[in-house]
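Report on one structure; see the data block that follows.
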Amino acid sequence: MIRRMKGTYDITTDIGYYQAVEKQAHRVSKLYGFKEIRTPHFEARDLYHRSVGEDTDIVSKETYDFEDRGGRINTLRPEGTAGVVRAFIENKLYAEKEIPQKKYYLGSMFRYERPQKGRFREFRQFGAESFGAAHPSADAEIIAYAVTFLRALKLKDVKVHINALGDKDSKIAYQKALKDHFKDHIGDMCRDCQKRYKENAMRILDCKVDKDHHAIKSAPKTIDLLTDADKAHFESVKDYLEVMNIPFIIDHNLVRGLDYYTHTVFEIKVSEALLGSQNAICGGGRYNHLVESLEGPATPAVGFAFGLERLIMALKENNYPTDTPYAHIYMVIMGEKARLKAHDLMQKMRLGGLMADADYLQKNIKGQFKQSEHKNARFVAIIGDAEVDGGAVNLKDQKTGEETPVAFETLYAEVVERLTRPTHECQDCDHKGEKK
Ligand code: AMP
């Protein structure tokens, strides 16, 4: 038997969670003025080398690269920002009248990582990018958007970690301070950190091996090396978050591994008790020079990406309800004459927008009722030879237990009427679930 590839999985019983999350992603994106963008699952390898960074773990160790039959080197996208930025430039979205251009995406990303809880080789992200606004309110807006999405999913105990890297001058000053700080400690740190020390000392702070090393814990803080303008930007982001009532934690060690970040960076985490060490469900930040470095016009930008697998693992722990009815009406059929009529009725109801289903395996009545329960059907319509002759089904409301004959011609209208009928939970009478 051919099995699925390591680090991948099939979405079967969890599909309700994905659909619930995607529904909220579409809904909340609209509230914040973001429109969907779909970009290819593979891009030219160079795109990631020039954006994410040559010596990041993602690019140096984790990409799926392949040469196509035309000799081009392709890469399966390991993250969404680079592709959206490429699309922004290639489609000249910067010339659109609507500014900022706000885009969101949903889809698979691919990284050749060591699979573990919350870490896969194909995983899904919901991400967003806002192009054109340099103002700190845009940083705060993107964080508020991410938090509103989580609130819509009723996910509790999430913490927003934020930090500021500043722009180029602040980042250069910080790199220098870090090199000075780690000079005497780097000898007893991991090999990757020794490499990072030479290439980009900031990444030492992201190290998973040495994360408890005293030198990491005592490292200089980015905010102490910010220029005055960058400091003011960060202060303003905090003001906007406060005014929108978004709680946050300032996390001095949060630098995020990719080259392109400037100013605000953030992560949203759930407790380790919920997800273990892979407890970051969202990461993002500002990237003011990426568009320019990929040969677009200078355009400030800010974005985020949620990992859907981790988010869904957290939702499951929170008992997020995903049960939706899968059938409005289930036809319980007795005999072949009734089967033909049932299909006539079902097709009419489906064309009218009702979820109708029936037995296809010639099960007995008990078996068909069982299927109607598995389908979570609100109504069951019983139809046999006598019903065909009489021109009416026996309609059973599974919610109230009420059973009434309903003429074929009025079945659709009757089901629609009962589904939309206002219900009330009466304290003093027995009209439960029914209009008084
Ligand atoms: P990143 O930009 O790498 O921080 O990714 C953003 C989010 O995607 C993270 O906070 C995770 O929730 C998720 N993510 C990243 N890598 C993986 C992976 N290998 N498997 C599952 N989720 C991931």
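Here, each number is a calculation from the coordinates, and none is a lab measurement. Just so it is clear, the model here is predicted, and its values are computed rather than measured. Here the Cβ positions follow ideal geometry from the backbone for every residue, glycine too, while neighbour counts run over all protein chains shown.
Laid out as a table, the results:
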| read-out | value |
| --- | --- |
| Under Karplus coefficients 6.51, -1.76 and 1.60, residue-wise ³J(HN,Hα) of segment 133-144 in Hz, glycine/proline x | 10, 8, 5, x, 4, 6, 5, 5, 4, 5, 5, 4 |
| Distance between segment 55-88 and segment 346-411 - C-alpha centres, whole angstrom | 52 |
| Hull shadow area, averaged, segment 152-257 [alpha-carbon convex hull, nm²] | 8.0 |
| Distance (nanometres) between label positions extended 7 Å along Cα→Cβ at V243 and Q194 | 5.1 |
| Cut-off under 5 Å, modelled amide H: who pairs with F42 long-range | R77 |
| Sequence-distant residues sharing a close amide H with F379 (under 5 Å, placed H) | I329, Y330, Q398 |
| Equivalent ellipsoid semi-axes, segment 329-435, via Cα gyration tensor eigenvalues times 5, rooted, Å | 25, 15, 13 |
| Exposure proxy order (Cβ contacts within 10 Å, fewest to most) of K399, K217 | K217, K399 |
| For A201, net neighbour charge (Lys/Arg +1, Asp/Glu -1) across residues whose Cβ lies under 12 Å away | +4 |
| Charge tally in the Cβ shell below 15 Å around Y104, where Lys, Arg are +1 and Asp, Glu are -1, Y104 excluded | +2 |
| Orientation-averaged projected area, Cα convex hull of the chain (nm²) | 29.4 |
| 222 nm mean residue ellipticity, helices alone, for the chain (DSSP H n ≥ 4; -39,500 (n - 2.57); rounded to 500) | -11000 deg cm²/dmol |
| Contact order normalised by residue count of the chain, Cα under 8 Å, 6+ apart, percent | 14 |
| From phi via Karplus (6.51, -1.76, 1.60), per-residue ³J(HN,Hα) for segment 269-283 in Hz, x at Gly/Pro | 10, 9, 5, 5, 4, 7, 10, x, 6, 8, 9, 7, 9, 8, x |
| Partner aspartates and glutamates for K6 [C-alpha distance under 13 Å; skip if fewer than 8 residues away on the same chain] | E113, E122 |
| Segment 93-181: Rg to Rh, with Rh as the Kirkwood radius over Cα pairs | 1.04 |
| Top of L205, L150, L361 by mean-square fluctuation, Gaussian network on the chain, Cα under 10 Å | L361 |
| Potential lengthening between K30 and K337 on full extension [0.36 nm per residue; Cα-Cα distance subtracted] | 105.6 nm |
| Ascending count of other beta-carbon atoms within 10 Å, so fewest first, for D228, D359 | D228, D359 |
| Of K341/K399; K61/K156; K30/K171, pairs whose Cα-Cα distance is over 29 Å | K61/K156; K30/K171 |
| Fluctuation leader among L308, L241, L351 - the chain, Gaussian network, Cα springs under 10 angstrom | L351 |
| Footprinting exposure proxy for M244, M5 (fewest neighbouring C-beta atoms within 10 Å first) | M5, M244 |
| Long-range amide H partners of I249 with built H, under 5 Å | V160, H161, I162 |
| Segment 294-328 versus segment 113-133: alpha-carbon centroid distance in Å | 9 |
| Vicinal HN-Hα couplings computed from phi for segment 157-169 (Karplus, 6.51 cos²θ - 1.76 cosθ + 1.60; Hz; Gly/Pro x) | 6, 9, 10, 9, 9, 10, 8, 10, 9, x, 8, 3, 5 |
| Residue with peak Gaussian network fluctuation, the chain [Cα springs, cutoff 10 Å], from D169, D239, D389 | D389 |
| Crossing angle, helix 308-317 versus the chain [Cα axis fit, 0-90 degrees, rounded to tens] | 60 |
| P(r), alpha carbons of segment 53-139 - 10 Å bins starting at zero, rounded % | 14, 36, 33, 15, 1 |
